[in-house]
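Inspection log for the structure reproduced underneath, given as structure tokens.
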Amino acid sequence: KFTMVLALARYFHGGSIDDISRPLFLLPPLLLVAAPSALVLRQPDLGTTVMLIIAGGVIFFLAGVKLWKFGALALAALVSAPIAWHFLRDYQKNRVLTFLDPERDPLGAGYHIIQSKIALGSGGLFGKGFMLGSQSHLKFLPEKQTDFIFTMLSEEFGLMGGLGLLGLYSLILVYGFAISLRCRNQFGRLVGLGVTTTFFLYMFINIAMVIGLIPVVGAPLPLVSYGGTAMVSMLFGFGLLLGVYIHRDTQIGRRGSGEEL
């Protein structure tokens, strides 16, 4: 994801406003987004594919692509949705149908989200206490250490604990956007905003998933979920963000040369 952000930022940094308004100029970055998205979709991993497309779309928007072009793509996606439905695998269709009605299969596809909502509600305002969550520690809640770790945290520490974690995430987002907007070169701004937006997408998709706002997908909670790959990837992104801060006053030419202002 962050490699794609770097590639898109470098490409758009080398273009002017007039270039961005030309459809042919947008073809290479579209391929930069479409190629990895298609490969990930073949795994199949629909959740990561959606994240790649949204993150790429954010970079396009921040680079200055007109809103009507996004509207045209959204309309095309809406029209092609019935066709795309037939190409989804059975388990992916079940996720969407279960999202619409979890009670249709309470012991199968709907089990995860039903148990997640029970755990979230039972935590109350201040929670049941550390290591005292019945749904998570009695193994009613699957994947409590990875995708559903926010549910376990909210069951043990309640609404206040969940809001506390959201507050910490908000600080990271505020600092990330502030660093990006203070950068005086287009490349640094796009990299910083892309990294921060990707972090937000991880956070939003995971939390929205466990509270039932979107279908269940495999998305870890950044900096909290168990798993070395996701942690290393996120730390790599933060390293890029720190690099943007350090070189915030460097003016980078379109060919990549830079000088301190």
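Taken together, the values in this text are just the output of simple stated rules run on the coordinates, not laboratory data. Being a predicted model, the structure only gives us computed values, none of them experimental. So basically every Cβ, Gly included, is an ideal-geometry build from the backbone, and we count neighbours across all protein chains shown.
Observations, loosely collected:
- Among the chymotrypsin sites (Phe, Trp or Tyr not before Pro) in the range 79-176, those placed in a DSSP loop whose Cβ has at most 16 other Cβ atoms within 10 Å are F87, F126, F130, F140.
- Along the axis of the charge dipole computed for the range 47-201 (Cβ charges of +1 for Lys and Arg, -1 for Asp and Glu, origin at the Cα centre), the listed residues G56, M131, L153 are led at the positive end by G56.
- A helix-only calculation puts the chain at -22500 deg cm²/dmol for mean residue ellipticity at 222 nm, using -39500 (n - 2.57) for each DSSP H run of at least four residues, averaged over all residues.
- Residues of type lysines that K139 reaches as a straight line, Cα spacing below 20 Å, ignoring anything fewer than 8 places off in the same chain: K117, K128
- Dipole of the range 2-260, positive end: most advanced residue of G162, L41, G194 [Cβ charges, Cα centre]: G194
- Normalised by residue number, the volume inside the convex hull of the Cα atoms of the range 37-191 is 157 Å³ per residue.
- The trypsin sites (Lys or Arg not before Pro) of the range 170-261 that DSSP puts in a loop, and whose beta carbon has at most 10 other beta carbons within 10 Å, are R255.
- Coarse-grained scattering of the range 2-260 at q = 0.07, 0.14, 0.15 Å⁻¹, given as base-10 log I(q)/I(0) from a Debye sum over alpha-carbon atoms: -0.30, -1.04, -1.14
- Helix axis angle, 90-100 relative to the chain longest principal axis, alpha carbon, degrees: 70 degrees
- Taking all Cα-Cα distances within the range 123-261, those exceeding 20 Å account for 54%.
- Spatially, the range 125-181 and the range 78-102 are offset by 29 Å when compared through their Cα centroids.
- For the chain, the relative contact order works out to 21 percent when only alpha carbon pairs closer than 8 Å and six or more residues apart are counted.
- Cleavage-rule hits (trypsin sites (Lys or Arg not before Pro)) in the range 44-89: DSSP loop, at most 16 neighbouring Cβ within 10 angstrom: K66, R89
- Using θ = phi - 60° in the Karplus curve 6.51 cos²θ - 1.76 cosθ + 1.60, the 3J(HN,Hα) couplings for the range 200-207 round to 4, 5, 4, 5, 5, 5, 5, 5 Hz; x is entered for Gly and Pro.
- Cross-link reach is defined here as a Cα-Cα straight distance under 17 Å, omitting same-chain residues fewer than 8 places apart; for K93 none of the lysines meet it.
- Student exercise, the range 2-260 dipole from Lys, Arg, Asp, Glu Cβ charges, in Debye to nearest 20: 440 debye
- A cut-off under 13 angstrom between Cβ atoms defines the neighbours of F130, and their net charge, with Lys, Arg +1 and Asp, Glu -1, is -1.
- Taking every Cα-Cα distance in the range 115-205 and sorting them into 10 Å bins starting at zero, the pair-distance distribution P(r) comes out as 18, 36, 23, 16, 7, 0 percent.
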